[in-house]
Every structure is written in C-alpha cells, then in structure tokens.
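Data first, discussion second: the structure below is written as structure tokens.
The values are calculated or read from the model by the stated rules, or taken from the named source; none is laboratory data. Only a predicted model underlies this, so the values are computations on that prediction, with no experimental measurement involved. FYI the Cβ positions are ideal-geometry reconstructions off the backbone, even for glycines, and counts take in every protein chain you see. Note: areas computed on protein heavy atoms with side chains; ligands, DNA, RNA excluded. Shrake-Rupley method; radii C 1.70, N 1.55, O 1.52, S 1.80 Å.
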Amino acid sequence: MMRIGKLDRRISIERATETTNDFGEREQSWSVAFSCWAALTIRKSGSTEKIVDGYESSVQMVEWTLRHSSDSITITTADRVVYDEKTFDIIAVHELERGVDIRLITENVL
C-alpha cells in the first residue's frame with residue numbers, strides 16, 4: 001500500500017476521441033478524462049532506444065502509482081499520462097493490491 005505522502009505528482013489521464021473532419025478523414029484528439037495524484041518511479045536509469053516512425057529515438061520508462069478509484073479502474077493502454085507538459089504512453093496497467101493501488105507502466109519518447 002502506497003503511503004499518501006508519496007503521491008506528490010499531479011497527473012492527467014487523457015483519452016482519445018475520433019471525429020470525422022469536413023473531408024471525411026478521421027482525426028484523433030485527446031481530452032482530459034480526469035486528474036489525480038500519483039507517485040513517480042523511474043523504471044530504468046537512463047533511456048533505451050526505439051524505432052519510431054523510421055527514426056531511432058530515446059525512450060524513458062516510468063512507473064506511476066495511484067490510488068484505486070472509480071476513475072483509475074477505467075484506465076487502459078489506449079489512454080496516456082500527461083505530467084509536466086510531457087506525454088507518456090501507457091504500455092501496461094497493473095492492480096497492485098485489490099482495491100488499493102494501480103500501477104501504470106509508461107514510456108516517454110524523447
């Protein structure tokens with residue numbers, strides 16, 4: 001169980017919505033589903049490399065731990081985390097202790 005004092009980062013969980021523009025093309029936009037307090041843990045020191053859109057990019061792996069709530073149980077890998085104007089793609093969602101904490105494994109492409 002995560003002590004409440006360690007939840008010292010205010011994060012936003014964003015969800016994508018898809019609309020169709022005037023030309024019939026699909027467009028994806030992100031909006032804040034909810035905000036909450038979380039603990040930040042750097043999963044790997046340094047960063048790893050990943051091919052993104054044909055280019056080699058640095059990727060930082062980060063874990064976020066947050067309290068179980070009616071909002072947090074709706075988080076999926078289709079959502080993303082925004083913190084300090086940085087966007088983190090969610091690659092895994094784990095329930096640490098039933099009804100207590102949720103852990104998000106995320107990556108930030110630098």
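The table below lists the values:
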item: In the stretch 3-28, residue farthest from Glu85 (Cα to Cα) [restricted to those that are surrounded by 10 or more Cβ atoms within 10 Å (Cβ to Cβ) and basic (Lys, Arg)]; result: Lys6
item: Matching strands (runs of 3 or more DSSP E) fully within the stretch 32-96 where at least 1 residues are modelled with pLDDT under 90; result: 48-52, 55-67
item: Members of the stretch 90-110 found to be among the aliphatic types (A, V, I, L, M), open to solvent by 50 Å² or more (accessible area, probe 1.4 Å) and without any contact (Cβ under 8 Å) to a residue 24 or more places away in the chain, listed by number; result: Ile91, Val93
item: Qualifying positions in the stretch 67-83 - touching a residue at least 60 places away in the same chain (Cβ under 8 Å) and within 13 Å of the chain's Cα centre (by Cα); result: Ile75, Ala78, Asp79, Arg80, Val81, Val82, Tyr83
